[in-house]
Amino acid sequence: MKKKVFLIGNPNVGKSVVFSRLTGVQVISSNYPGTTVELNRGYLKIGEEKLEVIDLPGVYSLSPTSKAEEVAVSLLRECPKDEALVINVVDATNLERNLYLTLQLIEEGYVVIVCLNMSDDCCHRGISIDVNRLAGILGVPVVPTCAVTGMGIKEIIHFIENPPLVSKDKIFGPNRWQHIGEIIESVQRLSHRHHTLRELLEDASVRPLSGFLMSAVVVFLSFKLVRFLGEGLIKWIFDPFFIKLYMPIIQRLSFALGQRGFLHHLLVGELIQGNIDFRQSLGLLTTAPYIEFAMVLPYIIAFYFVLSLLEDIGYLPRLAILLDNILHRLGLHGFAIIPILLGFGCNVPGILATRALESKRERFIASVLISIGVPCVPLQAMIFGLLGKFGGFYVAGVYLVLFAVIIFTGTMLQRLTKGYSPELLIEIPPYRFPPVELLVSKLFFRIRGFLIEALPVVLAGVLVVNIFFYLHLFDFVTALFAPLVEGLFGLPRKALVGLLIGFFRKDVAVGMLMPLSLSAKQLFIATILLAMSFPCMASFVILWKELGSRYFIKAVTVMLVLSVTVGAILNLGILR
Amino acid sequence: MRRIPLSKLTSGKKAKVVEILGGGGLQARLMGLGIYVGREITKISNFALRGPVTVKVGRTTLALGYGMAAKIIVETE
């Protein structure tokens, strides 16, 4: 019996899906190389024993080229060979390229089980593989699987229980690719077919003209779908729930508490013209849940539904090619669009995803751009909720300003940051259509993650703020910074509380601005300041961890200087 | 037979890699992805203004930066 099971394979072959099947631990999987940038660990129970299973980021060979790949290879090398069992997950529809790593693993003397994943997709693509012959040539067990449905996983477990012996001294020679060519020749048969619609669309998306056209359609439809789903959920589900079902309960509570006093202030908040107002009362049981559930959650669901769809189909890497040129001007390359897009959901996974970029310089630039110019869903939902009533012009304006900030910051950083930015080198996956269950479970996983992260912070934030308000503790700070806030940004001094709360969570911060009845211009400036200045605590910590102290301080300086400058320019220069 | 960089190859044409200029790092990276001397590849497209080049290698579709494509020398009829 071995001690550790490593899942290793090329990027985007489905290692994470196999991992989930083996351990029952759910992790995010998508259809683009580089989804897994951290290690996923889980346990497989066999009889009395618990075996550690480690899902490694994808690698093309045992000589790593990015930080994520480095992590994968060094972790494998750390473990003594006689304690490691390697499950080499292989994309059956692209056997040839995948075998390069397989041969390296076998040559290095690891105990290898080859998991021939996505075998079900082979017949659609007219590929047939002689599994027994392949196992014979390689000298290791080969198991055809389809991890998304669970086919073949039992057999993999059987081989983990009874690991094969190492085939000693198997050397495939210096010309590995030539050898692979011979193996492919003898085990793989292709039946010729006409090009399918899927293949036509795959090709069209990587040609200039048709590619840009397709991307315009995809981006437009995605925006529309997010708005449609988000607004629909609010209008038909969440708002009716809060107004029809929840309001009477809270009203009863408010009466029971005598409509005043510390507890009432804490739980229900202030009465607005004698009534409870979910948007303005600022109570622990009124505004806090309303912000999270009726304003933010619907957009979280809508955004992640659309993102998951695009991820699983495999469209995102195609966007990377189209945007490569522009992103080069910002010191990045096309792949950086993926972390940026993830950042629109929440900055934390966005910053983590920059690990798939090759150089430190790129990771720094991308992380700064995400934290300064990419508003997360909670913030965006609040921008829509608050500014929307003044018209689409203001909402679009926020995005426009943030876009300009990204372009400006990127151009500056590209000139001022030392180091090199490598070129794009990315595999474009085929389009795949994942089973609906997989999409739904990924969506639930992300929503649960959001709620677990957000709810405690929101409740704690509102609680602390309410106590502070009650004891008038903010008065000193607001008085101190009043010249800055009033003079420079044209905001009432009370708005400072909101801006400071932005450090905890952006949605709560905007919530703090709601009762202030700000003008459109003031809200516009406040939301831009919230988006650009300090990221929320969670992204702050991740940024620090990922960049290290020196770069982190640089990043924070850039953010502070730029947000104050932009805020002042907007207030004094443009929106007079 | 003409030797030209991959970046200059006409889209849709097949060609054989004959040389990879540049350091061992690039060679190793491309090797892992299946681009090596002697390999036949098909160019799918390239983008204007020194944009990326897309190629098909076996069953893999790859996008590579212009500079990288300029370092891959191919031979074509």
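General remarks:
- Restricting attention to segment A:272-314, the residues that are touching a Gly at 6+ places or on another chain (Cβ under 7 Å) and surrounded by fewer than 21 Cβ atoms within 10 Å (Cβ to Cβ) add up to 0.
- Considered as a group, the residues in segment A:452-485 that are loosely packed, with under 14 Cβ neighbours inside 10 Å and touching a residue at least 24 places away in the same chain (Cβ under 8 Å) include one that is nearest to residue A:507 (Cα to Cα), and that residue is A:467.
- Filtering segment A:1-58 to residues that are assigned to a strand (DSSP E or B), touching a Lys or Arg at 6+ places or on another chain (Cβ under 8 Å) and touching a residue at least 24 places away in the same chain (Cβ under 8 Å) leaves A:7, A:8, A:9, A:44, A:51, A:52, A:53, A:54, A:55.
- Any hit, segment A:508-527, residues being in a loop (DSSP other than H, G, I, E, B) and within 23 Å of residue A:459 (Cβ to Cβ): no
- Residue in segment A:493-500 that is under 17 Å from residue A:454 (Cβ atoms) and not hydrophobic (A, V, I, L, M, F, W, C) present: no
- Any chance residue A:100 is under 26 Å from residue A:353 (Cβ atoms), within 14 Å of chain B (Cβ to nearest Cβ) and at pLDDT 85 or above: yes
- Conditions (1) touching a helix residue (DSSP H, G or I) at 6+ places or on another chain (Cβ under 9 Å); (2) away from chain B (no Cβ under 14 Å); (3) surrounded by fewer than 18 Cβ atoms within 10 Å (Cβ to Cβ); (4) within 22 Å of residue B:33 (Cβ to Cβ); number of the one not met by residue A:25: (4)
- Annotation: of all residues in segment A:34-66 being within 14 Å of another protein chain (Cβ to nearest Cβ) and of a type in the set (Ser, Thr, Tyr), the one that is surrounded by the most Cβ atoms within 10 Å (Cβ to Cβ) is A:60.
Conditions tested, residue by residue: (1) under 25 Å from residue A:334 (Cβ atoms); (2) polar (S, T, N, Q).
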{"position": "A:19", "(1), (2)": "no, no"}
{"position": "A:32", "(1), (2)": "yes, no"}
{"position": "A:37", "(1), (2)": "yes, no"}
{"position": "A:60", "(1), (2)": "yes, no"}
{"position": "A:71", "(1), (2)": "yes, no"}
{"position": "A:85", "(1), (2)": "no, no"}
{"position": "A:90", "(1), (2)": "no, no"}
{"position": "A:93", "(1), (2)": "yes, yes"}
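- Residue match in segment A:178-185 (condition: within 14 Å of another protein chain (Cβ to nearest Cβ), surrounded by fewer than 14 Cβ atoms within 10 Å (Cβ to Cβ) and modelled with pLDDT under 90): yes
- Annotation: of all residues in segment A:561-576 being closer than 18 Å to residue A:410 by Cβ and in contact (Cβ under 8 Å) with a residue 12 or more places away in the chain, the one that is surrounded by the fewest Cβ atoms within 10 Å (Cβ to Cβ) is A:562.
- Residue check for residue A:496: assigned by TED's automatic domain parsing to the domain that holds residue A:354 and crowded, with 16+ Cβ neighbours inside 10 Å: yes
- Single condition residue A:206 does not satisfy, out of (1) within 14 Å of another protein chain (Cβ to nearest Cβ); (2) assigned to a helix (DSSP H, G or I); (3) out of contact with any Gly (no Cβ under 7 Å at 6 or more places or on another chain); (4) of a type outside the set (Lys, Arg): (2)
- Residue in segment A:308-325 that is at positive phi, within 14 Å of chain B (Cβ to nearest Cβ) and touching a residue at least 24 places away in the same chain (Cβ under 8 Å) present: yes
- Wholly enclosed strands (runs of 3 or more DSSP E) of chain B bearing at least 1 residues within 10 Å of chain A (Cβ to nearest Cβ) and either of a type in the set (Val, Ile, Thr) or touching a residue at least 24 places away in the same chain (Cβ under 8 Å) (or both): B:40-46, B:53-57, B:60-64
- The listed residue being more than 14 Å from chain B (Cβ to nearest Cβ) and either of a type in the set (Gly, Ala, Ser) or surrounded by fewer than 24 Cβ atoms within 10 Å (Cβ to Cβ) (or both), out of A:334, A:345: A:345
- Qualifying residue in segment A:75-92 (condition: touching a Gly at 6+ places or on another chain (Cβ under 8 Å), surrounded by fewer than 19 Cβ atoms within 10 Å (Cβ to Cβ), charged (D, E, K, R) and in the same structural domain as residue A:8 (by TED's automatic domain parsing)): yes
- Check on residue A:488, part of a helix (DSSP H, G or I), touching a Gly at 6+ places or on another chain (Cβ under 7 Å), surrounded by fewer than 21 Cβ atoms within 10 Å (Cβ to Cβ) and not hydroxyl-bearing (Ser, Thr, Tyr): yes
- When the residues of segment A:531-563 are filtered to those that are of a type in the set (Ser, Thr, Tyr) and touching a Ser or Thr at 6+ places or on another chain (Cβ under 7 Å), the one that is modelled with the highest pLDDT is A:563.
- Any hit, segment A:307-322, residues being part of a loop (DSSP other than H, G, I, E, B) and within 17 Å of the chain's Cα centre (by Cα): yes
The values are calculated or read from the model by the stated rules, or taken from the named source; none is laboratory data. All figures in this text were calculated on a predicted structure; none of them were measured in a lab. Methodologically, a virtual Cβ is constructed for each residue, glycine included, from the backbone with ideal geometry; neighbour enumeration extends over all protein chains shown.
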